[in-house]
Amino acid sequence: MESLSFDLSHASVRELNQHLHSPAEVLAGQHVTVLNPDGAHNIAVGINAPVKVTVKGHAGYYAAGMNKFADVTIEGSASTGLAENMMSGKVHVKGFASNSAGASAHGGLLVIDGDAGLRCGISLKGGDIVVGGSVGSFSGFMAQAGRMVICGNAGDALGDSLYEAVIYVKGEVKSLGADAQFEPMTDADVSALSELLQQAGMDHDPHSFKRVASARSLYHWNADAGQEY
């Protein structure tokens, strides 16, 4: 594997991203290391190639956004919008993530070893998110497809206005959002959850999780409901 490094104490994020936007045949098999990120914004956004990226420190807003095919590891924490609109590949944060991690992700796997802030997985559209710690309020809000795994606790309004996404949570849930409900874990859930935990490198008993899914009462407008659900 060809190795290359960008030191952001000297190079710019634009220079880094311009390299990471090279043709896929140029980037394939490369391992790009980002030194001294110091919380810079937009690190490793818009990658469309099977390249490995390791960020040696903390990342700012929208790290690894719109990722496609790449394997991005952040050896620190990440700010708002981590892996936003990810299409495929893997993003792994070894620290904590701020608000809206994995927002609108269509595919791929996002792994957060620590806690995640508010609105984790908001408008999820098909990706998988595994959080080793807890998540803030309104996580999974309007999640349409995909799966979320929360190994810690969840704040208020978990899964508010959930569609076809499924949330697995091990700890306590402060409250469920509108139209979200607890459902029995099936054998298929246990199998899927076991695989996701294994992919994320986390050791938890899948039988200890609860399933949260949509009650589907918001799918159609009910004029007699008086806007109370």
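Brief remarks follow.
- For segment 2-225, with +1 on Lys and Arg beta carbons and -1 on Asp and Glu, the positive-most of Leu16, Ser98, Val173 along the dipole: Leu16
- Under 13 Å, Cβ to Cβ, from Leu27 - net charge with Lys/Arg +1 and Asp/Glu -1: -1
- Extension gain (nm, one decimal) between Lys174 and His207, 0.36 nm per residue minus Cα-Cα: 9.8 nm
- Candidate values [x] 61, 32, 27; [y] 51, 40, 29; [z] 61, 38, 29, label of the one derived for Cα extents along the principal axes in Å: [z]
- Taken about its Cα centre, the chain carries a charge dipole of about 280 debye when Lys and Arg each add +1 at the Cβ and Asp and Glu each add -1 at the Cβ.
- Computed over segment 82-229, relative contact order equals 15 percent, with contacts defined as Cα pairs under 8 Å that lie 6+ residues apart.
- Two-site FRET efficiency, Asp38 against Gln199, from Cβ-Cβ distance with R₀ of 35 Å, rounded to 0.05: 0.70
- Within-9-Å neighbourhood charge of Ala49 [Cβ basis; K, R +1; D, E -1]: 0
- Degrees separating the helix 187-200 axis from the principal Cα axis of the chain, which is the longest one: 20
- Gyration tensor verdict on segment 58-125 (Cα atoms; rounded if a/c is under 1.5, prolate if a/b is larger than b/c, oblate otherwise): oblate
- When peptides 162-170, 26-34 are sorted by average Cβ neighbour count within 10 Å, with the highest value leading, the order is 162-170, 26-34.
- Taking amide H positions as modeled 1.01 Å from N, with prolines and chain starts lacking one, the residues under 5 Å from Ser5 and 5 or more places away or on another chain are Thr33.
- Look at the dipole of the chain built from charges on Cβ: of Ala64, Tyr219, Phe182, the Cα furthest out on the positive end belongs to Ala64.
- Cα-centred dipole magnitude for segment 168-208, charges only on beta-carbon of K, R (+1) and D, E (-1), debye, nearest 20: 160
- Formal net charge of residues neighbouring Gly177 (Cβ-Cβ distance under 13 Å; K, R +1; D, E -1): -1
- Percent antiparallel among DSSP beta bridges (both partners in the chain, rounded to 5): 15
Any read-out appearing in this document is the output of simple, stated calculations on the displayed coordinates, not a laboratory observation. Being a predicted model, the structure only gives us computed values, none of them experimental. Note that each Cβ is placed from the backbone with ideal geometry, even for glycine, and that neighbours are counted across all protein chains shown.
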